[in-house]
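The structure appears right after this line, and notes come after that.
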Amino acid sequence: MKLDSVGQVLARRILDSRDGRAVEVVMGMPQRFSDGHDDYFCAFQVIGMGDERIRYGAGVDRFQAVWLTLQMNGGFLNTSAEAKGGALTWLGQTNLGFQCLSR
């Protein structure tokens, strides 16, 4: 599924980059898939780093969609070259406050 927007914003977080750029993480409200299934998705976008493509996590209900999207955010951010190099911080810490999916 290709998305043009995260939709109505549920949450956003601003991260700091060593080079002075602000990196914004935006997550949309859970939405039902439009194909008639009962599952939900949450779109998210990282602005200011990388391709800025809108991605999403999905679950069987709104709660799981939010939870899995937060984990996907963590996986995306924590595996980035910027985070691995310590160039991204949140509240002055290299822990960006996002969990990764279990390995």
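The values are calculated or read from the model by the stated rules, or taken from the named source; none is laboratory data. Predicted model, so just to flag it, every value in this text is computed and none were measured. Note: ideal-geometry Cβ built from the backbone for every residue, glycine included; neighbour counts use all protein chains shown.
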- Pick from Ala87, Ala81: which is loosely packed, with under 11 Cβ neighbours inside 10 Å, more than 20 Å from Lys2 (Cα to Cα) and either among the hydrophobic types (A, V, I, L, M, F, W, C) or touching a strand residue (DSSP E or B) at 6+ places or on another chain (Cβ under 7 Å) (or both)? Ala81
- Item | Qualifying residue in region 27-43 (condition: under 19 Å from Lys84 (Cα atoms), loosely packed, with under 15 Cβ neighbours inside 10 Å, out of contact with any helix residue (DSSP H, G or I) (no Cβ under 8 Å at 6 or more places or on another chain) and at pLDDT 95 or above) | no
- The residue that is modelled with the lowest pLDDT, considering only those in region 1-25 that are over 23 Å from Arg62 (Cα atoms) and among the aliphatic types (A, V, I, L, M), is Ala22
- Restricting the search to region 52-97, which residues are within 13 Å of the chain's Cα centre (by Cα), assigned to a strand (DSSP E or B) and of a type in the set (Phe, Trp, Tyr)? Tyr56
- Item | Candidate set from region 1-51 (those that are part of a strand (DSSP E or B) and acidic (Asp, Glu)); member that is farthest from the chain's Cα centre (by Cα) | Asp16
- Take region 5-51 and flag every residue that is in contact with a strand residue (DSSP E or B) (Cβ under 6 Å, 6 or more places away or on another chain) and of a type in the set (Asp, Glu). Asp16, Glu24, Asp39
